[in-house]
Structures are given as structure tokens and as C-alpha cells.
Number of protein chains: 4
Amino acid sequence: MALTIGVDVGGTKIAAGVVDEEGAVLASALRDTSAADPVAIQEAIADVVAELRAQHEVSAVGVAAAGFVDFANGVLLFAPNINWRDEPLRDGLQARTGLPVVVENDANAAAWGEFRFGPARHVDDMVAVTIGTGVGGGVVSGGQMLRGAKGMAGELGHVRLVPDGLPCGCGNHGCWEMYASGNALQRNARALVQSGAPEGRALAELCGGDASRLVGPMVTEAATAGDQASVRLFADLGRWIGEGMAAIAAVLDPALFVVGGGVVRAGELVVGPAREALAANLTGRSQRPAIAVVAAALGTQAGTIGAADLAREVTAAVGERVAG
Amino acid sequence: MALTIGVDVGGTKIAAGVVDEEGAVLASALRDTSAADPVAIQEAIADVVAELRAQHEVSAVGVAAAGFVDFANGVLLFAPNINWRDEPLRDGLQARTGLPVVVENDANAAAWGEFRFGPARHVDDMVAVTIGTGVGGGVVSGGQMLRGAKGMAGELGHVRLVPDGLPCGCGNHGCWEMYASGNALQRNARALVQSGAPEGRALAELCGGDASRLVGPMVTEAATAGDQASVRLFADLGRWIGEGMAAIAAVLDPALFVVGGGVVRAGELVVGPAREALAANLTGRSQRPAIAVVAAALGTQAGTIGAADLAREVTAAVGERVAG
Amino acid sequence: MALTIGVDVGGTKIAAGVVDEEGAVLASALRDTSAADPVAIQEAIADVVAELRAQHEVSAVGVAAAGFVDFANGVLLFAPNINWRDEPLRDGLQARTGLPVVVENDANAAAWGEFRFGPARHVDDMVAVTIGTGVGGGVVSGGQMLRGAKGMAGELGHVRLVPDGLPCGCGNHGCWEMYASGNALQRNARALVQSGAPEGRALAELCGGDASRLVGPMVTEAATAGDQASVRLFADLGRWIGEGMAAIAAVLDPALFVVGGGVVRAGELVVGPAREALAANLTGRSQRPAIAVVAAALGTQAGTIGAADLAREVTAAVGERVAG
Amino acid sequence: MALTIGVDVGGTKIAAGVVDEEGAVLASALRDTSAADPVAIQEAIADVVAELRAQHEVSAVGVAAAGFVDFANGVLLFAPNINWRDEPLRDGLQARTGLPVVVENDANAAAWGEFRFGPARHVDDMVAVTIGTGVGGGVVSGGQMLRGAKGMAGELGHVRLVPDGLPCGCGNHGCWEMYASGNALQRNARALVQSGAPEGRALAELCGGDASRLVGPMVTEAATAGDQASVRLFADLGRWIGEGMAAIAAVLDPALFVVGGGVVRAGELVVGPAREALAANLTGRSQRPAIAVVAAALGTQAGTIGAADLAREVTAAVGERVAG
């Protein structure tokens, strides 16, 4: 049995796990860390790996991190949350751990997890869309992770949906994530409460009348309880999600969209309208089957599991070459 | 020396060529054909293959055709110009010719030609965009042709650029090709002439005052001769091309866009503004290198050359497996 | 008691009525007419006036016609349906009838009718919006008919709502009437049926499965019977209506929008969403009262009644000047 | 000779002038003031009026102030810069000065000045557009100031040009002023410098490489000196200005647009593209004359002159009634 470790490096903490060939997490460990000190983060990763190796024999380590990744060379080109620029993360960690290491973008790793062990495990072409604060993405095409020339493929949240639209932190206008993210939901919900319109009453009560304290889970709570304005906010969000999926489907033609992230807790309130909007806007829809939209299955462990599996794949391939 | 035949099946004629490993066309042949009769087209393909085999020894045939293609099974699922629905083209042609056959979407085949022997031969990730009557596309990612789950990937002309925008023949609104195609150029040029505005005078003269007779090459002619309104029409077209490329780059992160099709005859008048608009709208542009935009090199032979090369690849792979 | 005649000149028929100071129609008459013959139309108007004068003593005639009208001089500058170009309609009809005549744009006349005798009779600032095949408008501001420099004010249906949007017959893109008219409703309903989506089943049954036979009243019928897809089609239409109203309100700040035309038969199914969208998009909405949206009251007689009243106003003003 | 005083009340200072029947300013005076103290502002207005009356005999006072104004009752309903809510400004100032007073919105007063003594003095229907930090407007229709039901007409900067567009401080998205104002110019110029693109070099030099210090006049300077990127920034701004004018023209059909504000110092660099975009988007443009676009003539005195003239008009009308 070949076990590998997956490590998901976030801005404030590091989550790691020992993962088997079926995607099961056999052990896990956590570290707080300081984003300001790139060396300390490498040491923390090595440390958490050592802790897990004391429990299980493992053959390789996969690291998932936010940012632009040069997968072939294991270099983190740019990380938004950590002070890494052209950081040779793979070589550094191989030296520290003595194990083979692969480095992958975190959204890609999570997508790979869902592709291998989640709802996309029976297809070769899938797109994972994570609806959190922003909108992240990962693409598997023909069974291969799609990485692009500079490790920047799958930046789905920054596909432009609206010309001259809402300004995005990325410097562009009208990016998908300005309309289809948890932030968009929160922005629209707050605007409703601030307007003082009577249909916003249920949400106003949930935030004690202070729109600036209104957050997504309150909208989920209200919508689930039947508040029509909140249901409409999710339907609107779902419509934008589906319209963006249709644009992406014209490029990638996946068999499946897997939707993850906090917003998905609203379930069919948001996934249903997304599915409808995708179907209504799908290119060539009268000459082709619909594309399914399903909820992600691995939750916050998707990155860890996916990174561990990518480590297994790469080291297995190397092993084959050596053995051949 | 392994030679293969590429066949490009259009709505009114079939172009075929014998292609060597360097992408050179050693011999070529042509057939008129009737789109109404799918059987006659298969016979015409077999016939043109026979004609070329009389001149050169070949090992396989690659067929490029417009439509949705199931590459793995060699089936044409849907063709817009020919009465093919779920047509088992590969098996039919293998039976007729006794040679291994592969079937590919024509835009994909052309993209593959540019990828292997054109300006994209030094990169692993490229997008070919063909600006003709509409906008077609083909994607190579990580050195692999991107085909999607149902052979419908790369329908780049139908990425939505404008919500509630111009209606497209595909049933959607705001598709890229409604703003970035030769048809769009013609539509805008005709509108300028019809408006009677003085800046449209040069174009009005070229079409004898009858806007319905104004076609793209006249705009190219006027722009090349320095007519400022025509220069602006191309700049506007280029801007839309570049804005669409930026959306696609957020998904695919190619190293290169290769632009082909009739409109490209206007050269930098259209490619320059496209390049500028791509740079100005590229996601993460301050943290990443620009993406190059270059003109296609293989012209109308791209489909033939690409199909022939795909046939060589596939049969070589089969050969290796047999030999291994 | 001062009675006047109002004449509403349409493309295929002329409707006329004797109207009293309270807006009541005491008698009415009708003529078919040929749009091709402008002289015949003048004769038909004179004829219908003569028929009504045989029943009632009248002091003036008001004529409402589609087109751009020079009100001060009683000239029809351009009519879309009738072959009138710079037609001196007032002088021609005064010569034929021996009565004072005023000529007004038909949408303006209808707006004036609603302003004087309909739901807007208690306000000084109102906008009448007629949702028919297209979207027409008439504006009263400070108690005065708003006509503009060339009689072309109130072309509300051609305010641009969507940049690079749907092409309009007027030569522009994204005009309000492409999204907020009966034609838009029909287009969207037909697209739903053509898509074959299950939620279009009720509409498909009403048109016998032939989308090209689906018309607006069928959508009204289905929506009234509770078909959710049809309810959504009206909600979407109403949303566009309200969004356009908000743009117009930023310019005109009316006390009231009066909505007429065939689509209004759907009642609150369309007026409700329009009112909501206006409220949600109204400039300065937190510092100002809402603007009411109500259904028109005079129906197809609004133009006749309004034209008759304008004739009374103008001749009364002349009378005062003479008497003064 | 009837002289009146016009007072333009800004957020930080009060500008007043004695104006004659030809719109000439015979004397002027200035006060600093504190926006926080509404009573102090009334006293400062009374004080500046007293100062001017010591020099000239005047018959009335017109006050121009930013905000929503109930003209009939002389009440400032809401002022964005001064702490006035439902302030009975007319009655307060009449009590303090013993003169008849009228109160008008400042953009309306400025529009009235241009209408009476500027380039619009020969037409009855005009729209004044002030391109400053935001976009302000004033409308004269049929020779009458257009005020609307609640004194909120002419909020032209808040006509929506882009659905789901840039968020505006007013709470809406896609308002005209987000694309057509001095702020928009500055935002786009800064983005160009920040992008590091070579064409932004001239602007980068003007602001010492610090985009946050780049302001509109630098763009004017660079464009005037021939910097092509700056010329394009103005052309883009002008295009948005003209597209908004076309939307407004469909409602109001003015004979003339008068464009004022700081941006206009760039002259034809911005007015030319505005005129072109208006012509290209004007409703019914093939059946109607073009609408002229000209620069404002009265500069920063427009509000003072317009307010003084409105005071003369109203008191003259009262005088006539009394005399009659």
C-alpha cells in the first residue's frame, strides 16, 4: 500500500494528511504559521511531514498552495498570501524531508481531488468551481490537469462576464467572481438591507439592523427558512454562476461541473439556478447533451487529498521509468 | 520516411494532401462534392486518397471536418454543413481505403497544424483563433489537443462577451463572434456607409454607394490606403478580438495566440489592437509575462497538414504499443 | 359646453370621437384608409370630422399621428407608417374643415389623455409608457407636454439600456424596447419553447408545439393560470421595464409612470416587477419618495381623447389672447 | 435697469455677484463658510448680499445650491455638502434681506445661465452637461427649466449606461458619471500608469511615477502635447459622453448640448469624440438633423448668473401679476 502526504498551505495555517490510494485520510496534522516568513513556512511543512511520518510510512509529499505554480520545476512563481516570489519550494522541501515532493496550485489540487475521488471520478473532463470569497477553478481535460504555459490556467473567477462591469481586485472589470462569489452575495444582501425595502426585513433582523454585519451564512439561514428575498438572492447568484459556466463550457466542454465552497451549503437554492442558467446558455445546446452540475464531495480536505494523489502519480511515473 | 494524407472536408469541396514529417505538402488533390449526400462524400474521400496513394506510399489518413467529433471512436456526431449525424466516418473510410484513419474537427486540425509546424511549434500551450465569417478555435494544452467530453471544446466564437448582446445564430446572445468576426467587420462597415456620415465616404465609393455590396476586403483595401474610418473599424475589431482572448487566457493560459482567417490579411491593423487589448485585460498582468499574438503561417492548408500529422501520431502510437 | 373632436390616425384606420371637457367621448366614428395615399387620408379625416359635426357642435379638431411632429406649425415631419414627409397637415385640414386644427404625435396625445383624465390627472409631472409591439412614450413636465426641439422628445423605447446589445430596427443596439416590449416577451417565450426545456411545456401546448405561432396573449393566459415559466417571463419583462424607468426618472423625475399597451393586461404580473425594479434602481432612492407605477385608464381611446383636449387648450388660449 | 444678485453656495465658499439684464456681472463678492453650520451659511449669504447692495440697487436675490430643491416653496430638501434637510431657505433669506428670493439647484442655475446668455441663447430646448468630478446636468425644455415632481430632474450623471457596471456612490451600478466624468478620466489614466505599459510613459513622467498623484490636468497637458495614449483617454471619455447624450436625446430631443466643467479644457480632444458618438447613436438619425455639442461659455460664473436671472424672471412675473 502506497501512502503519500498532502499538505495544504493557507495564509494562516498548514493542514496536512496521510492519504491512501482510495483518497482516504488516515492521519492529519495542523500548524499555525506566519505568512510573513517564507523560511518558517518551509520549516513548518517539513515539521508536519515529520510528525505524520512517525505514524505512517509514506513515499512522497504533495504541496498545495495559492498562487502561480511552475509545476514542472516545483517553483512557486507568485503567492498572493505568502511572501514567495520564484520560490524553489520543491527542491527546498526535498532537501528538508528527503522525500520526492510535488507542488501544485491549491485550486488545481482540490479539483484533482474531486476528479479522482469525488463526483468527477467517472469522467475524464471536469471543471471544479469553488465559490468562496472569490471564485476559484481547476480544470481536468482528457484526464490531465490543465496548467497552462505559466501555471496560470484555471483562473476562472477572472473570466470577464460584464464589459465595463464591477471593478475587481485583479485590476480588471466585470470578472465572474464579482457576480458569482460569496462576496457578491454578501454585497447584494447588504444593499437590500441598506435600502430599507420591506422585503429585506428578515435579513435586517438577522444582522440586528446593521448591514455591515450581514454575512453569507445569514442569507443561507433566511433562505432555508423560506425568506423569499433571500431565495431570490441565491437564485440571482446561481444564475451568474451558470452563465459563467456556459462561457467556460464553450472553451472546455467538460462532462461535469463540480461546485464547492461555502456558498454551496445553500444547496439546490443556488445549484439549481446555476444548472438552469448553464442549460439555457450552453453553446450548441440543441445538438448536445446537457452538462451536469453537482456539489463537491471532499469539502475542505480536497486540496490535501488532491495534492497527496498528485504526489503519488508523479512518483509512480518516475518509478515506472526507472523500472522500465 | 513516413508520409500520411490529410483531407479537409468542406461544405462544397474536399482538399487533400500528402504530408511529410516536417509538415511539407508533397502532393495535393481536390474534389467537388455534394453536401447533401453523405455516402458520396465518403466515396469522394476514398477516391482522392487513392489518387494520392498512386503517387506516394502513405501509412495513414487524417480527416478534418466541421462539426462535433468523437475522436476516440472516429464518429462525426453532428456536422453543420453536411448531412452527417452520428456518422461512423473512421470505420467507413478504413473499410474503403484499408488504411488507419483518424477524424478530427477541422478547427482543431488547423490548430494542430499551426502547433506542430507553424509559429506555435516551440510552445506546449497555444490557442488558434480563426477570424473568418465567424470565429473558430482550437486549443493545445500541455502538448495535447484539447477536445472536451463530447468533442465540443474550443468553440471559442461562442464564449459570451456581452450579456444580453447581439443575437447569434447559435441561439445565444453576445457571442464573441458577433463582435470579432469578418461578419462583424462587414456589418459595422455597412452601417457606417448607410449612416451617410462623411467619414464613410471612402468605403461608400468602394462599394458604389450600395452598402449591401460592401465586403471585408474593401475595408482592408481602404484601411491599407490610409482611410481613417476603416483603420478605426479594424482597431475596433482588434479590440474585441483581444478582449475575448483575455477571457480565454484566464481559462487556458496559453503561451501564444495564433490568429488566422481572412481578416488577418489586414495584418497589424487588426493584430496590433488585439495584442494591446489582450495585454490590457490579461488577468494577473502585473505578475506575469504578456501572451504573444501572432499571425498563422499555414493558411488554408493548416487543416490538411494538421489532420495528416494527427494521423501519423496516432498510428505511430499504435505501432509503438504493438512493437513494445 | 365646448366640444372638440379628436382623430387618431393609424396605419390602417382612422378613429375619431367627439370629446367633452371632462374627457368623455360623446360620439365616435371610424374610417379604413390606405397608408399609401396621403391625400386620401386627409380627405378621410375631413370626412369623419364632417360626420361627427353633423351630430355635435364642435370648436376644434386635434389630430394624433405616429411620427415626428412640428407642433408649432402643425407639420408632420416624418411618419413611419404613412407616406408623409414635411406634410402641412394642420393647414390642409383647416382648409378642408374650416375649424382650428392641432397636430400631435400619437404617443404624446395618448400621454396627454392620461395626464388630463387618467390616473395622472392629479400630478404635474408624468411619463406615459406604452408597452406594445415596441415601447412608446409621452412626457408631461411641469404641466406642459414635452416635445423637444424637433418634436422627437419622448422616444423612450430607444433609450439605450444595453451597450452592444440587441440590434433595433432604428439602427441602434440595446434599445429599451428590445428588452421591455411585447415583441421581447414573444421572442423570449418562443425561445423557451424552441429550447424544448420541460418548463416550457405549458406554452408549447398553447401554441400546438409550433413556437412561431406563440404570441403574447398566450403567455398572459398561461401566467394567469399559474404557469411558473410564464410568470417568470413577465417578471423578467417587468424588471427591464422598471430598469428603463429608473434611467428615465434620473432625467425627468416624474411623480408617476402610467403604463399602457397590450402587455398591461397581465396586470401585476408585469407591473409589480416593474415597480420593484424602478424602486431598486431609482437615483437617490434613500433621500426621496418612491415613484408610483400605475396602469393606464383610457385604453385605445387615449390618443383620441388627448388630441381632442389639446385642440381645446390651444384654441382656448388663442381665444383668450383675442379676448384679452 | 433691473439688477439682481446671484449667489452660488458651494461646500466651502459662497460666490455672489450683481448681474444685469444682459447677464453681465457688475460686482462680485466671496465668503468662506463652514458646511457644518446651516445657520452660519444663511448669515453669510445675507452678509454678502448686504455687501453687494451697498454698491448697487438690486430687486431680488437668486440662490444656487447643490441638492434637491423644492423651487415653488424655496425649500432645500436635501443638500449633499451642507447640513440642510427641508431647510426653508427662501423664507429665511427673505426675512434676513427684505428682498424677494428664489432658490434653485446649482446645476439648474448654471444651465439656465448658459441658456439665457451662453451658446444656447438662441434655442428653446437645451441640455447642459457639466463634466467635473462627477457629471451634472440641467435641462431647459420649451423655454422652461425642467425641475420634475420633487426637484430631482436633470440628475443626468445617474442615468444607467452599463447594466451591472461600475458601482457609483449613489448606490446604483453603471451610472453615466462612472464612465464620463473627470474621475473616470483620472481612474483610467492612473490604471494605465500602474500597468507599467510603455504607452503610459509620458503620463508616468508627469506624475513622477506615482500614479496616485496623477490628475486630470496632467492628462490634458500630455494630450495637448501630442501624447497618443492621453489623446485616446480623452477620445474614450468623449465616446462615453456622447453615448450618454444619445440616451438623453431620445428622451428630451434638445437642439443643443452645452458641455461645461474642467474636462472641457481639453477642447475638441473630448468634445469631438462626444459629438461623433452622439451622432452615431442618435435615435432616428437618418430622419432628423444632428444635435450640436458646444462648449459652455460662462465658466464658473454660470451658476451665479443663472440664479440672478431666475430671480429677475420670477419677481418680474410677480410684478406683472400685481400690476395686472
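The values are calculated or read from the model by the stated rules, or taken from the named source; none is laboratory data. Keep in mind it's a predicted model, so treat the numbers as computed, not measured. Counting neighbours? That spans all protein chains shown, and the Cβs are built from the backbone with ideal geometry, glycine included. The area values use the complete protein model at the heavy-atom level, side chains included, leaving out ligands, DNA and RNA. Shrake-Rupley method; radii C 1.70, N 1.55, O 1.52, S 1.80 Å.
See the values below:
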read-out: Scan of the stretch B:164-180 for residues that are modelled with pLDDT under 95 and part of a loop (DSSP other than H, G, I, E, B), ordered by number; value: B:Asp164, B:Leu166, B:Cys168, B:Gly169, B:Cys170, B:Gly171, B:Asn172, B:Gly174
read-out: Top-ranked residue in the stretch D:52-69 [being modelled with pLDDT under 95 and part of a strand (DSSP E or B); ranked as nearest to D:Gly306 (Cα to Cα)]; value: D:Ala65
read-out: Selected residue (only one of B:Val101, B:Val69 is under 29 Å from A:Asp124 (Cα atoms) and touching a Lys or Arg at 6+ places or on another chain (Cβ under 6 Å)); value: B:Val101
read-out: Considering residues of the stretch A:129-142 that are open to solvent by less than 20 Å² (accessible area, probe 1.4 Å) and over 26 Å from B:Pro289 (Cβ atoms) only, the residue nearest to the other protein chains (Cβ to nearest Cβ); value: A:Val129
read-out: Top-ranked residue of the stretch C:246-264 - restricted to ones that are touching a Gly at 6+ places or on another chain (Cβ under 9 Å) and in a helix (DSSP H, G or I), ranked as farthest from the other protein chains (Cβ to nearest Cβ); value: C:Gly262
read-out: Some residue of the stretch C:24-40 being part of a helix (DSSP H, G or I) and in contact with an Asp or Glu (Cβ under 9 Å, 6 or more places away or on another chain); value: yes
read-out: Any hit, the stretch C:280-302, residues being under 30 Å from D:Val162 (Cα atoms), part of a helix (DSSP H, G or I) and of a type in the set (A, V, I, L, M); value: yes
read-out: In the stretch D:85-128, the residues that are over 15 Å from the mean Cα position of the chain (by Cα), crowded, with 19+ Cβ neighbours inside 10 Å and in a strand (DSSP E or B); value: D:Glu87, D:Val101, D:Val102, D:Val103
read-out: Meets criteria (open to solvent by less than 20 Å² (accessible area, probe 1.4 Å), closer than 19 Å to C:Thr133 by Cβ and touching a residue at least 60 places away in the same chain (Cβ under 8 Å)) for C:Gly216; value: no
read-out: Filter result for C:Trp112 (hydrophobic (A, V, I, L, M, F, W, C), within 13 Å of another protein chain (Cβ to nearest Cβ) and over 30 Å from C:Arg232 (Cβ atoms)); value: no
read-out: Some residue of the stretch A:225-241 being within 14 Å of chain B (Cβ to nearest Cβ), under 24 Å from A:Gln287 (Cβ atoms), part of a helix (DSSP H, G or I) and of a type outside the set (Val, Ile, Thr); value: yes
read-out: Filter result for the condition that a residue is crowded, with 24+ Cβ neighbours inside 10 Å, touching a residue at least 12 places away in the same chain (Cβ under 8 Å) and either out of contact with any Cys (no Cβ under 6 Å at 6 or more places or on another chain) or of a type in the set (Gly, Ala, Ser) (or both), over D:Ala295, D:Ala302; value: D:Ala302
read-out: Boolean, B:Ala316 is surrounded by fewer than 16 Cβ atoms within 10 Å (Cβ to Cβ), more than 23 Å from the chain's Cα centre (by Cα) and of a type outside the set (S, T, N, Q); value: yes
read-out: Selection within the stretch C:4-26 - aliphatic (A, V, I, L, M), surrounded by 16 or more Cβ atoms within 10 Å (Cβ to Cβ) and either without any contact (Cβ under 8 Å) to a residue 60 or more places away in the chain or closer than 22 Å to C:Ala79 by Cα (or both); value: C:Ile5, C:Val7, C:Val9, C:Ile14, C:Ala15, C:Ala16
read-out: Counted residues, the stretch A:238-267 - those being more than 19 Å from A:Ser141 (Cα to Cα) and hydrophobic (A, V, I, L, M, F, W, C); value: 5
read-out: The stretch A:162-185 - residue that is under 19 Å from the mean Cα position of the chain (by Cα) and open to solvent by 20 Å² or more (accessible area, probe 1.4 Å) and, of those, nearest to the other protein chains (Cβ to nearest Cβ); value: A:Cys170
read-out: Test: residue in the stretch C:144-161 that is more than 20 Å from D:Ala246 (Cα to Cα) and crowded, with 22+ Cβ neighbours inside 10 Å; value: yes
read-out: Total residues in the stretch A:186-213, condition open to solvent by 40 Å² or more (accessible area, probe 1.4 Å) and in a helix (DSSP H, G or I); value: 14
read-out: Which numbered condition B:Val48 fails, given (1) modelled with pLDDT of 95 or more; (2) touching a helix residue (DSSP H, G or I) at 6+ places or on another chain (Cβ under 8 Å); (3) surrounded by 18 or more Cβ atoms within 10 Å (Cβ to Cβ); value: (2)
read-out: C:Val140 within 25 Å of C:Cys175 (Cα to Cα) and assigned to a strand (DSSP E or B); value: yes
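Listed here are the residues, each with its yes/no results for (1) among the basic types (Lys, Arg); (2) within 13 Å of chain C (Cβ to nearest Cβ); (3) farther than 21 Å from D:Ala302 by Cβ.
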site: D:Val39; (1), (2), (3): no, no, yes
site: D:Ile45; (1), (2), (3): no, no, no
site: D:Ala54; (1), (2), (3): no, no, yes
site: D:Val75; (1), (2), (3): no, no, yes
site: D:Ala79; (1), (2), (3): no, yes, no
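Residue-by-condition table, conditions (1) open to solvent by 20 Å² or more (accessible area, probe 1.4 Å); (2) under 21 Å from the mean Cα position of the chain (by Cα); (3) farther than 16 Å from A:Ala153 by Cα:
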| position | (1), (2), (3) |
| --- | --- |
| B:Met245 | no, yes, no |
| B:Val251 | no, yes, no |
| B:Gly261 | yes, yes, yes |
| B:Gly272 | no, yes, yes |
| B:Glu276 | yes, no, yes |
| B:Ala280 | yes, no, yes |
| B:Gln287 | yes, no, no |
| B:Ala290 | yes, no, no |
